[in-house]
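I have placed the structure first, in the form of structure tokens, so that the comments after it can refer back to it.
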Amino acid sequence: MKIKGKQWRALWFENGELKLIDQRKLPYNLEIFTAKNVEDCAFAIKEMVVRGAPAIGAAAVYGMVLGKDNIKYTAEILRKTRPTANDLFFAIDYMIEKIKNGENELNAANEYVEDIINRCRRIGENGDKIIKDGMKILTHCNAGALATVDYGTALATIRIAHEKGKKIFVYADETRPRLQGLLTDWELEEEKIPHAVIADNAAGYFMKNGEIDMVITGADRIAKNGDFANKIGTYEKAVIAKENNIPFYVAAPISTFDKSIEDGSQIKIEERDRKELAVINEKTIMPEWTKVRNPAFDVTPSKYVTGYITEEKIIEKLIEL
């Protein structure tokens with residue numbers, strides 16, 4: 001991704017340390033977080049210094065490098081960070097297998113990350129095929145380069161369509177409570193792609209008024225039957241899109257598909273701290289006695305999905321995978 005005219009990645013390994021763009025500071029400040037050990041890496045994943053399933057997986061492979069002297073402990077501490085995204089567990093298992101086979105840890109991690117970047121580029125190329133000139137597209141959360149190291153998943157399709165000269169407009173849900181829509185806004189602004197941020201509960205208004213032609217989101221885990229987990233609020237967007245006959249696509253690499261679970265009921269949903277709802281920009285907006293529930297994800301049934309945009313092809317039925 002381009003930031004202020006320079007090419008950046010969401011994370012990279014340098015001089016024995018993992019460097020990450022601190023997504024907690026965006027869009028107001030561009031700061032780099034340094035993970036010097038596996039505990040630092042686990043903190044970065046848990047506290048959302050890094051977020052987005054593919055980027056979490058990329059952080060995890062480098063975390064395995066940082067903790068290479070005690071692989072069992074390293075894998076255990078990383079597995080406990082975020083329970084929902086499949087890429088985290090896929091990446092850890094990948095590294096364990098590579099290390100078991102005697103491969104150099106850093107080489108294996110670099111290969112994993114480069115592969116993710118290439119897969120995301122191909123997701124964008126496949127997704128571009130269904131984006132028509134003049135389309136208005138809704139996306140939820142941030143599924144851009146920040147969430148995937150580079151290119152993105154949902155945003156990769158939009159980036160490549162824009163690069164090819166298609167005149168498109170993006171509606172970015174603000175995505176409470178973490179406001180990842182502002183990360184999408186930041187990425188689109190850097191790429192000069194026309195867009196607007198809208199309140200989460202405004203999507204139905206724009207759909208009903210004919211101002212949205214397609215919805216594209218990312219995914220954190222996709223079950224065998226096509227049910228998928230994504231940032232909280234995705235399910236609502238899928239239901240409303242169906243009601244308004246608007247195509248709903250999920251963009252994700254094959255590593256996000258979890259064939260070990262039959263359907264969405266088996267996906268563990270992470271619940272996060274109340275402060276994410278009660279505090280915004282260090283300002284408390286709720287009384288201490290206010291009880292909250294804060295699920296980080298919801299599960300959307302496959303019946304609401306038009307297709308899955310992968311690096312291999314666009315899949316309409318999971319039997320094709």
Calculate the length of the line joining the C-alpha centroid of the stretch 158-203 to that of the stretch 208-245, in whole Å.
-> 16
Compute the long axis of helix 154-163 from its Cα atoms, compare it with the longest principal axis of the Cα atoms of the chain, and write down the angle in degrees, 0 to 90, nearest 10.
-> 70
Which residues qualify? For LEU138, with a placed amide H closer than 5 Å and at least 5 residues away or on another chain, they are TYR171, ASP213, MET214, VAL215, ILE216
Return the long-range amide H neighbours of GLY307 (sequence gap of 5 or more, or a different chain), with a cut-off of under 5 Å between placed amide H atoms.
-> PHE248, VAL250
Exposure proxy check: TYR308, TYR171, TYR205 ranked by fewest other beta carbons within 10 Å?
-> TYR205, TYR171, TYR308
Based on the mean of other beta carbon atoms within 10 Å per residue, what is the order of 111-118, 174-181, most packed first?
-> 174-181, 111-118
Which GluC sites (Glu not before Pro) does the stretch 1-110 hold that lie in a coil by DSSP with at most 16 other beta carbons within 10 Å?
-> GLU31, GLU47, GLU103
Labelled set [x] 20.5; [y] 19.7; [z] 23.1; Kirkwood radius over Cα pairs in Å computed from this model equals the value at [y]
If each K or R counts +1 and each D or E counts -1, the residues other than GLU282 whose Cβ falls under 14 Å of its Cβ total +3
Would you list which aspartates and glutamates come within 16 Å of LYS72, measuring only between C-alpha atoms, while excluding same-chain residues fewer than 8 positions from it?
-> GLU39, ASP93, GLU97, GLU105
If you stretched the chain out fully between ILE96 and LYS72, how much longer would it get, using 0.36 nm times the residue separation minus the C-alpha to C-alpha distance?
-> 7.8 nm
Among MET286, MET135, which comes first, then next, by fewest other beta-carbon atoms within 10 Å?
-> MET286, MET135
Have a look at the DSSP beta bridges in the chain and tell me what percent are antiparallel, nearest 5.
-> 55
What's the angle, to the nearest 10 degrees (0 to 90), between helix 234-243's Cα axis and the longest principal axis of the chain?
-> 30
Diffing the stretch 35-42: the Karplus 3J(HN,Hα) column from phi (6.51, -1.76, 1.60, θ = phi - 60°), in whole Hz with x for Gly and Pro, holds 9, 9, 8, 5, 5, 4, 5, 4
Count neighbours as other Cβ atoms within 10 Å of each site's Cβ, and list the trypsin sites (Lys or Arg not before Pro) in the stretch 187-233 that are DSSP loop with at most 13 such neighbours.
-> LYS192
Gaussian network model of the chain, Cα springs within a sub-10 Å range: biggest mean-square fluctuation belongs to which of ALA238, ALA199, ALA55?
-> ALA199
Rank these for me by crowding, SER255, SER265, going from fewest to most other beta carbons within 10 Å.
-> SER265, SER255
List, in order, the whole-Hz ³J(HN,Hα) value for each residue of the stretch 127-132 obtained from phi through the Karplus relation with A = 6.51, B = -1.76, C = 1.60 and θ = phi - 60°; use x for Gly and Pro.
-> x, 4, 5, 9, 8, 9
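Each value in this text was obtained by applying a stated rule to the coordinates, not by laboratory testing. Everything numeric here is computed off the predicted structure, so don't read it as measured data. As a convention, Cβ positions derive from the backbone with ideal geometry for all residues, glycine included, and neighbour counts pool all protein chains shown.
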